[in-house]
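**Q** Pasting in a structure now, in structure tokens, and then I'll have a few things to ask.
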Amino acid sequence: MSRVIDFSVFSSIKIGTPIKVNVMREKEPLEKRFLVGGANNILLSPTPPPLVILGKEFDYIKEEDGILKIGGATKSGRIFSYCKKNNIGGLEFLGKLPGTLGGLVKMNAGMKSYEIFNSLVDITLFSGIYTKQTIEFGYRFTDITEPIFEATFEIKRGFDYRLLEEFTKMRKKQPKEPSAGSIFKNPDGDYAGRLIEAVGLKGEKVGGAMWSKVHANFLVNIGNASFTDAYSLIKEAKKRVFEEFGINMKEEIIILDN
Ligand SMILES: Cc1cc2nc3c(=O)[nH]c(=O)nc-3n(C[C@H](O)[C@H](O)[C@H](O)COP(=O)(O)OP(=O)(O)OC[C@H]3O[C@@H](n4cnc5c(N)ncnc54)[C@H](O)[C@@H]3O)c2cc1C
């Protein structure tokens, strides 16, 4: 099965074109396709590799034997609402972090020291079930290369409203225009936003793309930005930061070119 997704609407940065995407309705291997979740951390060229997405069969939340089982296609907002309603703690940041369960786990997404891996128990891939201890993970990184169909979490009672307030405050300091979150990972002991600002790129525009004036590590779409507009700003930031500071900034965003 396949469907056409218009990435200028679907992706959080609102860049892309309508593209035919395969839909996985049951567990299958990835083969030579790229798996899209909610496209909140992806920049898509007009000619990306073949794409695939999980079907609604993987959009669910169940509690079984004191364990929370969540399907790979389940959106962060739904998981957040479930946790709040059922007084479950540890995933409060999902109220302020867009994504699907699979994308969140693959990226080890999080805010401050709160990451999705903190309360993860195991994940279901095509090749089997893997406990957290067998997966390599770190800051916005995991070594997972297969589709994540399901993940399970410990149930810690006690939803923390104070934390939610903290995350809400953090979000107020971020740009309102469409973006894909942070473009670069923070280099050890520094901040990508500080470096982009230091090389004079904060507020810099190419076409409809701009390094945000509010937070320099956010690339925002201020109107009809193209892939080329966004990509040229990313390449320029990398180049200037390397020339001036000798730091090779690593992208957090996934750039899908052919
Ligand atoms: C405004 C804004 C703010 C953000 N703030 C933060 C933040 O504070 N912290 C943070 O960590 N992130 C942040 N992000 C980035 C984004 O929310 C996360 O990276 C999120 O995990 C992306 O999930 P997704 O489903 O949209 O994945 P996508 O963007 O679709 O894909 C990201 C990666 O996950 C993989 N993937 C997707 N689904 C699956 C699956 N089922 N199995 C295996 N791999 C899969 C993709 O192949 C790709 O490699 C922000 C984004 C935006 C737009």
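The values are calculated or read from the model by the stated rules, or taken from the named source; none is laboratory data. Just so it is clear, the model here is predicted, and its values are computed rather than measured. When we count neighbours, we look across all protein chains shown, and the Cβ atoms used for this are built from the backbone with ideal geometry, even at glycine.
**Q** Out of the residues in segment 167-199 meeting the condition of being in contact (Cβ under 8 Å) with a residue 40 or more places away in the chain and acidic (D, E), tell me which one is farthest from the ligand (Cβ to nearest atom).
**A** D190
**Q** Which one of these is under 17 Å from M107 (Cβ atoms), of a type in the set (V, I, T) and in contact with an Asp or Glu (Cβ under 8 Å, 6 or more places away or on another chain): I53, I70, I42? Break it down into steps so the answer makes sense when it comes.
**A** Details: I53 fails: in contact with an Asp or Glu (Cβ under 8 Å, 6 or more places away or on another chain); I42 fails: in contact with an Asp or Glu (Cβ under 8 Å, 6 or more places away or on another chain).
Result: I70 is the single residue among I53, I70, I42 that is under 17 Å from M107 (Cβ atoms), of a type in the set (V, I, T) and in contact with an Asp or Glu (Cβ under 8 Å, 6 or more places away or on another chain).
**Q** Working only within segment 64-84, note down all residues that are among the β-branched types (V, I, T) and either surrounded by fewer than 17 Cβ atoms within 10 Å (Cβ to Cβ) or more than 16 Å from the ligand (Cβ to nearest atom) (or both). Spell out the reasoning first.
**A** Narrowing segment 64-84 to residues among the β-branched types (V, I, T): 67, 70, 74, 79.
Scanning segment 64-84 gives a single hit, I67.
**Q** Is it true that T134 is within 30 Å of E26 (Cα to Cα), more than 12 Å from the ligand (Cβ to nearest atom), in contact with a Lys or Arg (Cβ under 9 Å, 6 or more places away or on another chain) and among the polar types (S, T, N, Q)?
**A** On the way: within 30 Å of E26 (Cα to Cα): yes; more than 12 Å from the ligand (Cβ to nearest atom): yes; in contact with a Lys or Arg (Cβ under 9 Å, 6 or more places away or on another chain): no; among the polar types (S, T, N, Q): yes.
In short, no.
**Q** Here's another thing I want to ask about it. Being more than 18 Å from R140 (Cα to Cα), part of a loop (DSSP other than H, G, I, E, B) and either within 13 Å of the ligand (Cβ to nearest atom) or touching a Cys at 6+ places or on another chain (Cβ under 6 Å) (or both): is that true of P98 here?
**A** Working: more than 18 Å from R140 (Cα to Cα): no; part of a loop (DSSP other than H, G, I, E, B): yes; either within 13 Å of the ligand (Cβ to nearest atom) or touching a Cys at 6+ places or on another chain (Cβ under 6 Å) (or both): yes.
In short, no.
**Q** Right, next: Of all residues in segment 183-197, count the ones that are surrounded by 16 or more Cβ atoms within 10 Å (Cβ to Cβ) and not in a loop (DSSP other than H, G, I, E, B).
**A** Counting residues in segment 183-197 that are surrounded by 16 or more Cβ atoms within 10 Å (Cβ to Cβ) and not in a loop (DSSP other than H, G, I, E, B) gives 6.
**Q** Does F34 satisfy the condition of being outside the structural domain of I183 (by TED's automatic domain parsing), within 14 Å of the ligand (Cβ to nearest atom), within 19 Å of G102 (Cβ to Cβ) and out of contact with any strand residue (DSSP E or B) (no Cβ under 7 Å at 6 or more places or on another chain)?
**A** Numbers: outside the structural domain of I183 (by TED's automatic domain parsing): yes; within 14 Å of the ligand (Cβ to nearest atom): yes; within 19 Å of G102 (Cβ to Cβ): yes; out of contact with any strand residue (DSSP E or B) (no Cβ under 7 Å at 6 or more places or on another chain): no.
For F34, the condition - outside the structural domain of I183 (by TED's automatic domain parsing), within 14 Å of the ligand (Cβ to nearest atom), within 19 Å of G102 (Cβ to Cβ) and out of contact with any strand residue (DSSP E or B) (no Cβ under 7 Å at 6 or more places or on another chain) - is not met.
**Q** Oh, and also: Is it the case that segment 67-86 has a residue that's part of a strand (DSSP E or B), modelled with pLDDT of 95 or more and touching a helix residue (DSSP H, G or I) at 6+ places or on another chain (Cβ under 6 Å)?
**A** Looking for residues that are part of a strand (DSSP E or B), modelled with pLDDT of 95 or more and touching a helix residue (DSSP H, G or I) at 6+ places or on another chain (Cβ under 6 Å), one finds at least one in segment 67-86, hence yes.
**Q** Let me ask another. Please enumerate the residues belonging to segment 217-226 that are over 18 Å from the mean Cα position of the chain (by Cα) and buried (at least 17 other Cβ atoms within 10 Å of the Cβ).
**A** At the first step, the residues of segment 217-226 found to be over 18 Å from the mean Cα position of the chain (by Cα) are 222-226.
Residues satisfying the conditions are A225, S226.
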